[in-house]
Amino acid sequence: MNGICLCVGHHTFSSKFSAHKTSVEFTEWLYEYLGAEKMQLLRIRANQTSKLHPFEKEILLEELKKEIKQLQINNKII
């Protein structure tokens with residue numbers, strides 16, 4: 001919900017408008033693009049702390065183990 005695709009220029013390198021160089025203007029643009037309701041939800045979620053349940057930690061651990069194994073196979077990392 002909080003992701004947006006930007007080209008390199010609009011992410012950091014544009015001299016006129018970019019997410020990092022003109023953050024206020026970018027935030028205003030994002031507000032117009034997403035709308036007030038979605039921006040409010042993002043602000044609420046940005047200030048919340050979420051804790052994983054033990055079963056969620058186990059699922060995450062297994063997924064990470066699979067990724068590590070695949071990386072080891074693909075890159076021959078031991």
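The numbered conditions (1) surrounded by 11 or more Cβ atoms within 10 Å (Cβ to Cβ); (2) under 18 Å from the mean Cα position of the chain (by Cα); (3) outside any loop (DSSP other than H, G, I, E, B) are all true for Ile44 except (1).
Yes/no per residue for (1) at pLDDT below 85; (2) assigned to a helix (DSSP H, G or I); (3) loosely packed, with under 11 Cβ neighbours inside 10 Å:
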{"site": "Cys5", "(1), (2), (3)": "yes, no, yes"}
{"site": "Thr12", "(1), (2), (3)": "yes, yes, no"}
{"site": "Ala19", "(1), (2), (3)": "no, no, no"}
{"site": "Val24", "(1), (2), (3)": "no, yes, yes"}
{"site": "Glu32", "(1), (2), (3)": "no, yes, yes"}
{"site": "Lys38", "(1), (2), (3)": "no, yes, no"}
{"site": "Lys57", "(1), (2), (3)": "no, yes, no"}
{"site": "Glu67", "(1), (2), (3)": "no, yes, yes"}
{"site": "Ile77", "(1), (2), (3)": "yes, no, yes"}
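Residues in the range 36-64 that are closer than 12 Å to Asn2 by Cα and among the basic types (Lys, Arg): 3 in all.
The values are calculated or read from the model by the stated rules, or taken from the named source; none is laboratory data. Just so you know, these numbers come straight off a predicted model, no measurement behind them. Positions of Cβ are generated from backbone atoms using ideal geometry, with glycine treated the same way; all protein chains shown enter the neighbour counts.
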